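Working notes, beginning with the structure itself.
The values are calculated or read from the model by the stated rules, or taken from the named source; none is laboratory data. The structure presented is a predicted model; accordingly, all values stated were derived computationally and were not measured. Please note: Cβ atoms are built from the backbone with ideal geometry, for glycine as well, and neighbour counts cover all protein chains shown. Heavy atoms of the whole protein, side chains included, go into the accessibility calculation; ligands, DNA and RNA do not. Shrake-Rupley method; radii C 1.70, N 1.55, O 1.52, S 1.80 Å.
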Amino acid sequence: MKIAVLSESPADEAAIHVLIAGLLGRQTQPIEPSRQLRTRGWPAVLQVIPAELKRLHYYLTDTYAFAVVVDADNSPLHQSAHEAPGGEVAKCRLCQLRQVVAKTQNQLSPVPGRAPLQIAIGTAVPSIEAWYRCGLEPHINEITCLQNPQIGLDFHTRNQLKRYVYGTERPSLTLATQRAIEAAQCLVQSLSVLESLFPNGFGALARDVRCWTLG
Amino acid sequence: MIELMKFRNFKVLRDTQLPLSRFTLIVGPNGSGKSTAMQALRFVAQPGPFQFTQVATLGLLPTTTETVEVVLRWGVPHEGVVTTTHWGSGGWSRSHAKCSGANLSEREEQSLYMKLAGIRIYSLHTNAIAAPVGLSPNPELREDGGAFAGVLDQLRDREPERFEALNEELGRWLPEFDRILFDTPSSGHRAFLLRTRKGRHALPATDLSQGTLLALTILTLAYLPDPPPIVCLEEPDRGIHPRLLRHVQDALYRLSYPESVGEVRQPVQVLATTHSPYFLDLFKDHPEEIVIAHKVGQEARFERLSDQPAIAEMLGEAPLGEIWYSGILGGVPVES
């Protein structure tokens, strides 16, 4: 099962593959390295998604699903109220991602033999390192971030999370990838805890993945 | 480590100061004093050969009242020490002093001298990097990248584990290659080649792309067992694909923060310049490492990004490089 993942770094993407495999209970496969996307952070993610969806739909037709996970940083946290019709919040990254995906998918023409591309979208609050420290840093979860939106803005908090996860604020890509995979492999053992502490950001991703119609 | 450089009448740096960290990245328009600040380090290390007119702001005459001055304020392990270099009508002078007024020990003086003598300002040229090198006992990477084959050869012979780690890292940076090989193109000369992962063909250095040569040189610098104490790098992103810049950042951090990769050696103070928004993007979480060079008329001044008010709010969601390119942070050319 080939899955295209778009996140903020190759390290995060490696971890997301592990988490998705854990949610599905089966192995997944990334798309070919030469075809993997890389963006310059949040606004660029929104800009490339339409092109990527078209590429996956029309050309990389053996790709089963597309998963996008971005850091929430200091953006408004996604909440269940946003799920109601008309409840989308303009600056909520999850809402924005869903809107751009839905709009693009509506523009795609059917391709004979191409099953609908499955989608999963999540946001990490305030950054994906918080997931890796799930349960270990009691003050870093969606509820505390909701109560204190400054957490997502604060370089200190973001760098502190990096120190906890990687042992340094400046992890090399190799180290970051290794630790991200290790952390994700641990999280797979307790996905329900991750979902309870990050019910909207990770929870959204998990719910999307569980809705995939597995062939 | 040098914590601060202060300039008076030094070329375009008429009256400004440059705050430095273990790693500092300076961005700014052409002619905004980025390279001049690096050059000042060379002049402080070896003030003798330079005349007043070579270091002074254009049009400045060596009168008794106007002198050129570069001051270095040192941090760990030389806290409280200041090195002052003057050029004036009577020639030059350089002195080290403690802010407390206490005298420096001979050992401290020696240590500072070694630091200054060890400053290297790399402006890499691919022809120099690729050129075969005459064998010598202790080859050192020249500031243009010359003697590179000799440095690699020595690393292989004296530090085989490091050389292996370098090969592994090369494979991560440039997956099409898996190994550095050597050749003897003529008696007493050494050249290097890269072996392709597929087909195991050996490509001579002279046939490698410019970006490959530049990337390999920066990578190797980070794997040297005893790198220079202070490294200045002009545009380490030059010629390198934007997607590889994360690796370049890793290499520079390996020099400055050796403990983060388990290296047991003194940190190297790294000072680099860039014009690449893509490279700048990578430092968004460390605004204290970014210095914006502003060009104001014929003068230039520096400002640490983290000293700009409300910088986190200003950066918001956008990539740091984009915000810099837009001009919001300053440090961009004036358009006519």
query = What are the residues in region A:62-89 that are surrounded by fewer than 14 Cβ atoms within 10 Å (Cβ to Cβ) and closer than 30 Å to residue A:113 by Cβ, if any?
reply = A:62
Residue within region B:85-99 that is in contact with a His (Cβ under 6 Å, 6 or more places away or on another chain) and open to solvent by less than 40 Å² (accessible area, probe 1.4 Å) present = no
query = Which number in (1) away from every other protein chain (no Cβ under 11 Å); (2) open to solvent by less than 30 Å² (accessible area, probe 1.4 Å) marks the one condition that residue B:250 misses?
reply = (1)
ask   = With respect to residue A:192, is the statement that it is modelled with pLDDT of 85 or more, closer than 30 Å to residue B:249 by Cα, open to solvent by 20 Å² or more (accessible area, probe 1.4 Å) and not acidic (Asp, Glu) true?
value = no
remark   = Going through region B:1-38 in order, the residues found to be open to solvent by 10 Å² or more (accessible area, probe 1.4 Å) and of a type in the set (Ser, Thr, Tyr) are B:16, B:21, B:35, B:36
note = So, first residue at the interface with another protein chain (Cβ under 7 Å from one of its Cβ atoms) and open to solvent by 20 Å² or more (accessible area, probe 1.4 Å) in region A:158-173, second residue outside any helix (DSSP H, G or I) and modelled with pLDDT of 95 or more, Cβ within less than 6 Å, six or more apart or across chains; the pairs are A:170/B:257
query = Does residue B:243 fit the bill of being assigned to a helix (DSSP H, G or I) and exposed (fewer than 14 other Cβ atoms within 10 Å of the Cβ)?
reply = yes
task = Could you please let me know if residue A:199 is open to solvent by 60 Å² or more (accessible area, probe 1.4 Å), away from every other protein chain (no Cβ under 14 Å) and more than 16 Å from residue A:74 (Cβ to Cβ)?
result = no
ask   = Does region A:20-28 contain at least one residue that is under 26 Å from residue A:178 (Cβ atoms) and within 14 Å of chain B (Cβ to nearest Cβ)?
value = no
key: Qualifying strands (runs of 3 or more DSSP E) (wholly inside region B:1-58; at least 1 residues being touching a residue at least 24 places away in the same chain (Cβ under 8 Å) and aromatic (Phe, Trp, Tyr))   = B:2-10, B:23-27
query = Checking residue B:240 against (1) over 19 Å from residue A:40 (Cα atoms); (2) away from chain A (no Cβ under 14 Å), which test does it fail?
reply = (1)
message = Checking the conditions here, which among B:76, B:81 is touching a residue at least 24 places away in the same chain (Cβ under 8 Å), open to solvent by less than 40 Å² (accessible area, probe 1.4 Å) and closer than 22 Å to residue B:2 by Cα?
response = B:81
key: Single residue of region A:90-104 satisfying the filter (at pLDDT 95 or above and open to solvent by 20 Å² or more (accessible area, probe 1.4 Å)) that is nearest to residue A:48 (Cα to Cα)   = A:100
query = Looking at region B:105-112, is at least one residue open to solvent by 40 Å² or more (accessible area, probe 1.4 Å), part of a loop (DSSP other than H, G, I, E, B) and at pLDDT below 95?
reply = yes
key: Selected residue (criterion: most open to solvent (accessible area, probe 1.4 Å)) from residues of region B:202-215 that are touching a Leu at 6+ places or on another chain (Cβ under 9 Å) and more than 15 Å from residue B:133 (Cβ to Cβ)   = B:207
query = Any idea which of B:281, B:285 is touching a residue at least 24 places away in the same chain (Cβ under 8 Å) and under 23 Å from residue A:39 (Cα atoms)?
reply = B:281
remark   = Note on region B:134-173: residues of a type in the set (Asp, Glu) and either within 21 Å of residue B:233 (Cα to Cα) or surrounded by fewer than 16 Cβ atoms within 10 Å (Cβ to Cβ) (or both) are B:140, B:143, B:144, B:157, B:161, B:164, B:168, B:169
ask   = Within region B:174-189, which residues are open to solvent by 70 Å² or more (accessible area, probe 1.4 Å) and within 11 Å of residue B:200 (Cα to Cα)?
value = B:176
message = Restricting to region A:32-63, name every residue that is away from chain B (no Cβ under 13 Å), without any contact (Cβ under 8 Å) to a residue 24 or more places away in the chain and charged (D, E, K, R).
response = A:55
